[in-house]
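Take a look at the structure below.
The values are calculated or read from the model by the stated rules, or taken from the named source; none is laboratory data. Computed from a prediction, not measured in an experiment: that's the story for all the values here. Glycine also receives a Cβ, built like all others from the backbone with ideal geometry; neighbour counts cover every protein chain displayed.
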Amino acid sequence: MNCSGVADAEHIGKYVNRLSKDIRYTMNNLISEKGYPLTAEQSRVLGFIQCSTENGSCVHQKDIEKHFGIKRSSVASILSNMEKGGYIFREVDKRDARIKRVILTEKGRELQKEIRLTVDMIEEILSRNMSAEEKSEFIRLTQLALENLKSADISSHKGDTDGKEFSEKC
């Protein structure tokens, strides 16, 4: 029991939070073991940029902010570190000189291929003992919980939880 009189096992948030932390911890450890010079968050951003540009989209800082539901300053810091590492570069958008496009370098594309293998391995581990139906149901229920948060219209909830950011490809 917790302080509110509800058994901890009944709290969805407890399990979602633990799963999120464990995935991030595992990803950071695997990335570090393989000698990749990125954090799990930077690797997710790298993957988003790769996937978006493969689909013909231009990526701007604001797209990353919205997709991951993180603040402008956090995204700026992530991109700055990735740019220093030579994984991305930024150029002025041809349609609007006030904004910059975020573009992967060849070094970034090569690293993303390696990181993709690590992500796939973690995904396989996560769903190892699940049937295809259980995996689909888990995804469906997670999307429902995200939609419930979105419909609660809590002003501090910044993430774009329409489920699009969790597409198979990106």
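Checked against (1) in contact with a strand residue (DSSP E or B) (Cβ under 9 Å, 6 or more places away or on another chain); (2) of a type in the set (G, A, S); (3) farther than 27 Å from I49 by Cβ, G108 passes all but a single condition, namely (3). Of the residues I23, I115, I64, I49, the single one that is within 30 Å of L141 (Cβ to Cβ) and in contact with a Leu (Cβ under 6 Å, 6 or more places away or on another chain) is I49. D22 falls short on exactly one of the conditions (1) touching a Lys or Arg at 6+ places or on another chain (Cβ under 9 Å); (2) surrounded by fewer than 13 Cβ atoms within 10 Å (Cβ to Cβ); (3) at pLDDT 90 or above, and that condition is (1). Filter segment 58-100 down to residues that are more than 30 Å from L146 (Cα to Cα) and surrounded by fewer than 12 Cβ atoms within 10 Å (Cβ to Cβ) and give me whichever is nearest to the chain's Cα centre (by Cα). Per the criteria, the residue is K84.
Within segment 32-50, restricting attention to residues that are more than 15 Å from the chain's Cα centre (by Cα) and not small (G, A, S), the residue that is surrounded by the most Cβ atoms within 10 Å (Cβ to Cβ) is Y36. Scan T105, T53, T142, T118 and give me the residue that is more than 30 Å from G35 (Cβ to Cβ), hydroxyl-bearing (S, T, Y) and surrounded by 12 or more Cβ atoms within 10 Å (Cβ to Cβ). Selected residue: T142, the only one of T105, T53, T142, T118 that is more than 30 Å from G35 (Cβ to Cβ), hydroxyl-bearing (S, T, Y) and surrounded by 12 or more Cβ atoms within 10 Å (Cβ to Cβ).
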